[in-house]
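Q: The following block contains the structure, expressed as structure tokens.
The values are calculated or read from the model by the stated rules, or taken from the named source; none is laboratory data. None of the values given here were measured: they were computed from a predicted structure. Cβ placement follows ideal geometry from the backbone for every residue including glycine, while neighbour counts extend to all protein chains displayed. We work out accessible area using only protein heavy atoms, side chains counted, and drop any ligands, DNA or RNA first. Shrake-Rupley method; radii C 1.70, N 1.55, O 1.52, S 1.80 Å.
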Amino acid sequence: MSVLQVSNLVKRFGGLLATDDVSLTVEEGEIHALIGPNGAGKSTLINQLCGELAPNSGSIHLAGRNITNLSVPDRVARGLGRTFQVTNLLNDATCRQNIAMAVQAREGLNFRIWDRVARRQRLWDQADALLAETPLAERCDIPVQDLSQGERKQLELLVALARRPRILLLDEPMAGLGAVESQEMIARLALIGRDTPMLLVEHDMEAVFALATRVSVLVYGRIIASGSVDEIRENPEVREAYLGAEDALC
Ligand code: ADP
Ligand code: MG
């Protein structure tokens, strides 16, 4: 059974077919990259998977269950992880506090007040376990507002992981990162990918080719090709439709 199964998804914005009969799967152990030019419909697809946009037709199954009509929180509760919702971070709380709150949310504890949370050593222990061996470990007591953009993105990933998702949906995790931060993010995603399958929307081809076990190419809302990194690199239709340049995939 696929972790995520998208079948014949269609989304129209007026006369624009932004998602044109898209079917794809993400399997256990897989990092499935979704690439395509600007305006291809990548974010529209991710937003339908997350529940922020309702499709016109088609279905989405998570671990065999139909989630097409579930709300965003119900999808999260069933294991759909999404990163880079910056608004989910509390800016004046520390990294460690943000992670502890996500652990708390997962465990369904009804504590809102910090001093009660502080008594719960287990939450802190789990937050520390997530932080261990990440670049944020030494910065964990710094308020989010004082982090660099790269550090925030690392934190958003940890906050998503604190909920122990069955799958992660990542919409351009490399966007806005410098060279060093990008390398750190690639290494981090490779590590996470060992345990957690991903659907990775990314413009950065270096990242895609380093991480993906499968690549699908979306153009004008349609998947025009799907295959291994090597197959996609060599696919003439992909080169023409998406990359336009002979050496663009090198
Ligand atoms: P990508 O993420 O691949 O760059 P998007 O999913 O953002 O592409 O956009 C796909 C197409 O749908 C674009 O033509 C965009 O202008 C259009 N679009 C996206 N969101 C909306 C919306 N809420 N209303 C109308 N058109 C939209
Ligand atoms: Mg987009």
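Q: Of (1) part of a helix (DSSP H, G or I); (2) of a type outside the set (Gly, Ala, Ser); (3) open to solvent by less than 10 Å² (accessible area, probe 1.4 Å); (4) within 16 Å of ligand 2 (Cβ to nearest atom), residue 98 satisfies all except one. Which?
A: Going through the list (1) part of a helix (DSSP H, G or I); (2) of a type outside the set (Gly, Ala, Ser); (3) open to solvent by less than 10 Å² (accessible area, probe 1.4 Å); (4) within 16 Å of ligand 2 (Cβ to nearest atom), residue 98 breaks only (4).
Q: Starting from residues that are touching an Asp or Glu at 6+ places or on another chain (Cβ under 8 Å) and open to solvent by less than 20 Å² (accessible area, probe 1.4 Å), keep the ones in the range 42-57 and report whichever is farthest from ligand 2 (Cβ to nearest atom).
A: Restricting attention to the range 42-57, the residues satisfying the condition of being touching an Asp or Glu at 6+ places or on another chain (Cβ under 8 Å) are 42-43, 46, 51.
Still in the list and also open to solvent by less than 20 Å² (accessible area, probe 1.4 Å): 42, 46.
Working: 42: 5, 46: 8 Å.
Here the residue is 46.
Yes or no, residue by residue, for (1) part of a strand (DSSP E or B); (2) within 16 Å of ligand 2 (Cβ to nearest atom); (3) in contact with a helix residue (DSSP H, G or I) (Cβ under 6 Å, 6 or more places away or on another chain):
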residue	(1), (2), (3)
1	no, no, no
10	yes, no, no
17	yes, no, no
33	yes, yes, yes
38	no, yes, no
59	yes, no, no
76	no, no, no
81	yes, no, yes
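Q: Are any residues in the range 187-223 touching a strand residue (DSSP E or B) at 6+ places or on another chain (Cβ under 6 Å), open to solvent by 30 Å² or more (accessible area, probe 1.4 Å) and over 16 Å from residue 169 (Cα atoms), and if so, which ones?
A: 222, 223 - these are the residues of the range 187-223 that are touching a strand residue (DSSP E or B) at 6+ places or on another chain (Cβ under 6 Å), open to solvent by 30 Å² or more (accessible area, probe 1.4 Å) and over 16 Å from residue 169 (Cα atoms).
Q: Go over the candidates 86, 117 one by one and state the one that is farther than 30 Å from residue 10 by Cβ, touching a helix residue (DSSP H, G or I) at 6+ places or on another chain (Cβ under 9 Å) and modelled with pLDDT under 70.
A: Details: 86 fails: farther than 30 Å from residue 10 by Cβ.
The conditions single out 117.
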